[in-house]
Amino acid sequence: MNATALAVALCLAAAVAYAAAAVAQERLARAAVARSAGALLGNGAWWWSAGLNAGAALLHAAALRYGPLTLVQPLGALTLVAAVPLGARGAGRRVAATEWRGTLATVVGLGLLLLPASGPAPDDTLTLAEALAVSGATAAVIVLLTARRDVRSGLRHATASGLASAVASALTQTVAVAGGRGGALLSVRVVSVALLVVVFAVGGMLLSQRAYRGGLGAPLAVVNLANPMAAAAIGMVLLGERLQGGAMGLLLAVAGALAAARGVLLLTRTAETAAPAQAASLTPAPAARVPISRVAA
C-alpha cells in the first residue's frame, strides 16, 4: 500500500470515529448537559465522546504522516457523511432521499478533489516561529468569532472549531514528520509544537460542543468546510504544497469543491428540517377539550 492509499484509509477510519463523537456531543448539547465544564466532566457519555475524539485524532495524525494537508483535510468532510445515518438512527428516523443525494454529491466532490491533491508524503514542516505565528493569529480570530453571543453564535463557534482543528492538523503534521526523523523527537521545536497541538485540539472539541447546541447538521457542515480551507491555505503558503496536474488539476479541484459544497448544503438543509420534525414527534399531544355543556350534564 503506497503512502496516499494509507493516508486515505486512515482518514476514513478517523471520519467514522469523529462522526460518532459528534453525534454523541450533539445529544449532550440538546440535553443541556454541556452548559458547564463541571457538568461535562461528571458525565460518562461525554468522556466516551472525548475518547472517540482522541482515537480519531490519533488516526488523523497518522494520516498526516503519510499524506499532505491538501489531501487529508478535505477528507474530513466524510465525517458529515458518516454522521448523517448515525444521527438518523439515533433519532429513530430513516435517512431521507435528500440526505442520500447530499452524501453522493459530497463523495463525488471529494473524489475529484483527491486526484489533484494526491502528492508525495510530506517532507516540509513548520518552523517554531511559523508555528507560533499561525497559532497566535488563529487564536486572535477565534476570540473575535466567539466574543459575541447571539442567534448565530453557533455557526461562529463552528467556524472557530474548524479553524482550531485545521491549525491542530498542521501542527500535528510538523510533529509527525519532524519527530519521525532520528534524534528530533525531544527537540524544543517538536515539544513546543506538540503542546500547541493539545491546546488547539481540545479547544476545537469544546468549541464544536458549544456549536452543537443548535443542532448537528449546520454546525458540522461549517466545521468541515472551514477546516480544509484553512489547512489548505497553511499547506500552500507555508509548507510548499501544490495541486498536481497544472490547469486540469485546478479545474478538477474547483469542480470537486463545488460538488462537495453542494452535498454539504443538501445534508445541512435536511438535518435542519429533520430537527423540528423530531421535536414535534416528541411533544405530547394536547388533551382533548370536553364541552362545558357535557360536563354540566
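The values are calculated or read from the model by the stated rules, or taken from the named source; none is laboratory data. The structure presented is a predicted model; accordingly, all values stated were derived computationally and were not measured. FYI the Cβ positions are ideal-geometry reconstructions off the backbone, even for glycines, and counts take in every protein chain you see. Surface accessibility is based on the protein's heavy atoms, side chains included, excluding ligands, DNA and RNA. Shrake-Rupley method; radii C 1.70, N 1.55, O 1.52, S 1.80 Å.
Quick one: in the stretch 142-165, which of the residues that are out of contact with any helix residue (DSSP H, G or I) (no Cβ under 6 Å at 6 or more places or on another chain) and part of a helix (DSSP H, G or I) is least open to solvent (accessible area, probe 1.4 Å)? Among them, the one singled out is 153.
Selection of the stretch 82-96 for residues being hydrophobic (A, V, I, L, M, F, W, C), in a helix (DSSP H, G or I) and surrounded by fewer than 24 Cβ atoms within 10 Å (Cβ to Cβ) yields 82, 86, 88, 91.
Restricting the search to the stretch 9-31, which residues are open to solvent by 30 Å² or more (accessible area, probe 1.4 Å) and among the small types (Gly, Ala, Ser)? Within the stretch 9-31, 9, 13, 20, 31 qualify. Looking only at the stretch 248-257, which residues are farther than 12 Å from residue 225 by Cβ and aliphatic (A, V, I, L, M)? Selection gives 248, 250, 251, 252, 253, 254, 255. Residues in the stretch 28-80 that are under 23 Å from residue 222 (Cβ atoms) and not in a helix (DSSP H, G or I) were compared, and the one that is modelled with the lowest pLDDT is 32.
Candidates 127, 103: the one that is among the polar types (S, T, N, Q) and at pLDDT 80 or above is 127. In this structure, is residue 196 open to solvent by less than 20 Å² (accessible area, probe 1.4 Å) and either at pLDDT 80 or above or aliphatic (A, V, I, L, M) (or both)? Considered against the rule, which asks whether it is open to solvent by less than 20 Å² (accessible area, probe 1.4 Å) and either at pLDDT 80 or above or aliphatic (A, V, I, L, M) (or both), residue 196 comes out as no.
Quick grid of which residues meet (1) in contact with a strand residue (DSSP E or B) (Cβ under 8 Å, 6 or more places away or on another chain); (2) more than 18 Å from residue 239 (Cβ to Cβ); (3) at pLDDT 85 or above:
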| residue | (1), (2), (3) |
| --- | --- |
| 131 | no, no, yes |
| 139 | no, yes, yes |
| 145 | no, yes, yes |
| 153 | no, yes, no |
| 156 | no, yes, yes |
| 166 | no, no, yes |
